[in-house]
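Here the structure is laid out as structure tokens; the discussion comes afterwards.
The values are calculated or read from the model by the stated rules, or taken from the named source; none is laboratory data. Worth saying up front: this structure is predicted, and the values here are computed from it rather than measured. Using ideal geometry, Cβ is built from the backbone for each residue, glycine included, and neighbour counts are taken over all protein chains shown.
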Amino acid sequence: MHFDKFEDYEIGISHYDQQEFEVALPYIERAANAGLTEGEFRLGYMYDHSQGVETNHLKAMDFYTKAAQKSHHGAMGMLGLLYLNGNGVAKNVAQAEEWFQKGLEGNATEAQLGIGFKHYLDDNLEEAIEWFLKAAEEGNAVAQNYLGVFYEIGLGVEQDYFKSGQWYQRAAKLGLGDGQTNLALLHCFGLGVDRDYDRALFLFEAAAKQGNPAANTHLGKIYKDGNAVTLDHFKSFEHCRRAAAKGVGNAKYWAGWYYYFGSGVEKNYTKAFEYFQDAANYGVAGAQYYVGLMYSKGHEVLEDPYLAFYWFSKAAEQDFKLAHLRLGAIYRNGVGVKKDDAKAYECFKNAAFHGSIEAYFWLGMSHATGRGVPQCHHSAFSFYLIAAEKGYAAAQNNIAILYLDGKGVIPDYSVAMCWLKKAGDSGFAKSYCNIGHLYKNGKVVPPDLRKAHKWYQKAAALNNGEGLFWVGWGFCNGKGVELNLEQAVIYYTRAVEKGFSLAQNNLGMLYKNGKGVKKDLLKAVELLTKSANQGYGIAQVNLANMYKDGEGVAINYKIAFQYYDLAAGQGNLEGVAWLAWMYYNGHGCEKDVQKAMELYEMAAKRGHYVSQNNLGMLYQGGVSVTGRSPDFKKSFEWLEKSANHPYGVAQLNLALLYKDGKGVAKNEEKAKELFMEAAKGGLSDASFWLGVFYSRGLGGEQDYEKAFKYYEKAANHGHGTALNNLGMLYETGKGVEQDHERAFYYFRRSYERGFRSGTCNLARMFMEGKGVEKSIAKATKLYFQAAEAGDFEAQFIVGTFYFKGYHDIPKNEDKAYEWYEKCALYGHALSQNNLGTICQRQKNYSRAKFWYERAMTKNVPAAFTNMGCMYRDGLGVPKDYEKAIELFSKSLQLGYKEALVQIEQLVERKDYQVGK
């Protein structure tokens, strides 16, 4: 195909003059490559000024040189400018001046421009303006634009917006993008020309078509803010991206901003960081701020508080208000730097000075809390008010709190409510929650849970985590709304999605207990862990309980201990109490009863009634438990505090002290009263003791019917002793119609609960065939079971089996001795007497005397008779008939008829009569 370079150039230049640079480019390029001098010059200029092609100073240099070698004076002038600025070639002022002089030989405006620019760089403004004026008058658009700039800012000439506008107008007509952009800016502000946004937009668009980066930057801001155009983030982003590609720092910043927030383009932190970092290196304050922000949050970069601080500081040096604000937060919280409230205050003050409304809020917070400045609620109010009147909702909320508490202002509930509503209506959902709390707690308004629920719903409607939680709480507890666990789960779940720790805890407990949702211990652990790791003390205790009990996780006392310790560390009394329990039992830590007592006392002094009870019980422990003597007086003091809460377990324990007269004067009536209170709370032990008191007539009249009632109440909770005692009442017909079958039923239930006396009584029923078919085999088996389990009565009976021989159990005094001794050591009197008999038979008289005397202290009649026989016969003691008669008489008084036989036999003895 044949191309005509002249024709190509003509077509290209016609498009060029219409500023259709991309259309013109291929035609001019063909003309230049065909050796047409004007084509070479124009193509060099296009590469030099980004007209329809990316800037490329090397190619510009190449085509200018080709044209200059053919005596094109304009190309010579442009070569001089390349040398002067060091674009595409090493900077060389002498070489530049040489090319300018060559260009002047042809009166080239480019050369005049270059000489003017050289004088400008040398701060010789008068000469610079003279040469720019020469070039401008000859139609050089760049020179015309420079003159416009000089008149606009008053550089070397008196400031004159009108003249500035005239020169920009001439440059713009010649299609110079910079001239069009600068003229557009004058139209935006009405400086020297009419304020005309449409004209400005037209000029910006014209310059942008040429690839003018400044025009693209301004268009990006115009479309971002919706000034004189419909807001269009996509168009804004495109213009910023184009300008950024030309190296405009501000455009790089805005391109990064769009990627960061996902406006006009898909969110992309990686690209955002690239643009921000590039712009930050250009010194753009906003970009420096966002680089710091990305380092502080770890967005696509490793979280680095030190680099965050560095970049925030760089931005603050340029007085970027958000950077001052962020530095204040860093100093306040001590992240990446040493905590310094005074420096934080100064940063907030700087941010406020530069127009940050939020900074006034933080200045108020500093004064309210006395951080960095002396505490002063009046000053706090003043700063809050500035921010509040500017619409800052958090400040409006805090002003309301000051009015409610009367701090810095006269208390005024109505004004407080106005501010809270205003803050809530501004989207600050916390204020709606605060109104809800006022109605929930009845503070300054009458308690009204329905109204509270309504305000919580308003906060929830704003998708606020706290509001969602409290709506869920209302449904969960039937507070202000009908109980609805399914709805509670829905709202708690939404609050959990917001990361609200209280909701994570409460939803976790619903999953643990299977309320409103299918029981799921794994899910419970997951939710409680999230809440606990956010520092919520109640969740830390609940999670520790799951590790302690092995619910949803394997039992792990060490982890349980850690979470109890965390909760205790922030003053959670449940955490303190459970930590004490861990130390007492040596779970997850070394056993340390003293430490346990210290922790219980810490919680007890702060009113934790369970700790008061536990501390009271530890004071009863004695040396083997606490390393100190029992102190029932102190025990009484702490149990009384706990019982007054009222705490049922403490009421029970306190009643036992009154019953036994330990730490307080014995008072069975008071004991009975406390048992009654504890029983109302459902404590089976308390019901049991009431049964005992009524059956024995303690603290009042004996009443077997009431005894039966309370034993039955305790038995219904599986109380083993109460089951046994019910059996006794049925067996004896006291308080209820005699019924051996029912007696057997309750003895069996007591046995099944592992209660030893119940086992013994069940054995006796089999032995005697009461309420069940007689079975010696079953009876003996049960007696042996009870004896092995440590029941003293059963041990005595088993000992007697061996002592006398019973059915298929052969007589065996050694085994009898072994079983008798087990219970005798714990004070079983009959066993002590029988041990004495065995020892006497084995002629171990001193040991026999020991056991008889122990049994005598418990008034065992046979023991007195047996000891009398030893004195009568002089076995292990001196023979002493009078002592023998004395012991026989005591035995007889206790109803032991064998003693009378012994007296009669002794009286008939000759040696006794001689002695008398």
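Please determine, by comparing only the residues of region 477-499 that are outside any loop (DSSP other than H, G, I, E, B), in contact (Cβ under 8 Å) with a residue 24 or more places away in the chain and among the hydrophobic types (A, V, I, L, M, F, W, C), which one is nearest to residue 461 (Cα to Cα). Top of the filtered list is 495. Of all the residues in region 755-805, those that are assigned to a loop (DSSP other than H, G, I, E, B) and surrounded by fewer than 18 Cβ atoms within 10 Å (Cβ to Cβ) number 8. Aromatic (Phe, Trp, Tyr) and more than 24 Å from the chain's Cα centre (by Cα), is that true of residue 557? Against the criterion (aromatic (Phe, Trp, Tyr) and more than 24 Å from the chain's Cα centre (by Cα)), residue 557 does not qualify.
Restricting attention to region 549-583, the residues that are touching a Phe, Trp or Tyr at 6+ places or on another chain (Cβ under 7 Å), closer than 15 Å to residue 608 by Cα and among the aromatic types (Phe, Trp, Tyr) total 1. Look at region 96-110: where a residue is closer than 18 Å to residue 141 by Cβ and a partner is outside any helix (DSSP H, G or I), sitting 6+ places away or on another chain with Cβ atoms under 6 Å, you get 109/138; 109/140. So how many residues does region 128-167 have that are loosely packed, with under 15 Cβ neighbours inside 10 Å, touching a Ser or Thr at 6+ places or on another chain (Cβ under 9 Å) and of a type in the set (Gly, Ala, Ser)? Counting residues in region 128-167 that are loosely packed, with under 15 Cβ neighbours inside 10 Å, touching a Ser or Thr at 6+ places or on another chain (Cβ under 9 Å) and of a type in the set (Gly, Ala, Ser) gives 1. Note on region 185-231: among residues that are modelled with pLDDT of 90 or more and of a type in the set (Asp, Glu), the one that is nearest to residue 19 (Cα to Cα) is 205.
Contact map, region 871-900: residues that are charged (D, E, K, R) paired with residues that are loosely packed, with under 14 Cβ neighbours inside 10 Å and not in a loop (DSSP other than H, G, I, E, B), Cβ distance under 8 Å, separation 6+ or inter-chain. Pairs shown: 879/873.
Checking each residue in region 177-201 for being in contact with an Asp or Glu (Cβ under 9 Å, 6 or more places away or on another chain) and either without any contact (Cβ under 8 Å) to a residue 12 or more places away in the chain or outside any helix (DSSP H, G or I) (or both) picks out 190, 191, 192. Please verify whether region 481-490 includes one or more residues that are surrounded by 24 or more Cβ atoms within 10 Å (Cβ to Cβ), within 30 Å of residue 419 (Cβ to Cβ) and among the small types (Gly, Ala, Ser). Taking every residue of region 481-490 in turn, none turns out to be surrounded by 24 or more Cβ atoms within 10 Å (Cβ to Cβ), within 30 Å of residue 419 (Cβ to Cβ) and among the small types (Gly, Ala, Ser). For residue 896, only one of the following conditions fails: (1) part of a helix (DSSP H, G or I); (2) buried (at least 17 other Cβ atoms within 10 Å of the Cβ). What is its number? Residue 896 satisfies all of (1) part of a helix (DSSP H, G or I); (2) buried (at least 17 other Cβ atoms within 10 Å of the Cβ) except (1). Within region 495-517, the set of residues being touching a helix residue (DSSP H, G or I) at 6+ places or on another chain (Cβ under 8 Å) and of a type in the set (S, T, N, Q) comprises 501, 504, 505, 506. Somewhere in region 838-847, is a residue out of contact with any Phe, Trp or Tyr (no Cβ under 7 Å at 6 or more places or on another chain), polar (S, T, N, Q), under 25 Å from residue 905 (Cα atoms) and not in a helix (DSSP H, G or I)? Checking region 838-847: at least one residue is out of contact with any Phe, Trp or Tyr (no Cβ under 7 Å at 6 or more places or on another chain), polar (S, T, N, Q), under 25 Å from residue 905 (Cα atoms) and not in a helix (DSSP H, G or I).
Restricting 297, 321 to residues that are within 22 Å of residue 359 (Cα to Cα), among the basic types (Lys, Arg) and under 25 Å from the mean Cα position of the chain (by Cα) narrows the list to 297. Within region 106-127, the set of residues being in a loop (DSSP other than H, G, I, E, B), on the phi < 0 side of the Ramachandran plot and surrounded by fewer than 22 Cβ atoms within 10 Å (Cβ to Cβ) comprises 106, 122, 124. Within region 181-216, being among the basic types (Lys, Arg) and within 29 Å of residue 47 (Cβ to Cβ) holds for one residue alone: 209.
Let's see how each residue does on (1) part of a helix (DSSP H, G or I); (2) within 28 Å of residue 204 (Cβ to Cβ):
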| residue | (1), (2) |
| --- | --- |
| 235 | yes, yes |
| 270 | yes, no |
| 276 | yes, yes |
| 280 | yes, yes |
| 296 | yes, no |
| 303 | no, no |
| 310 | yes, no |
| 324 | yes, no |
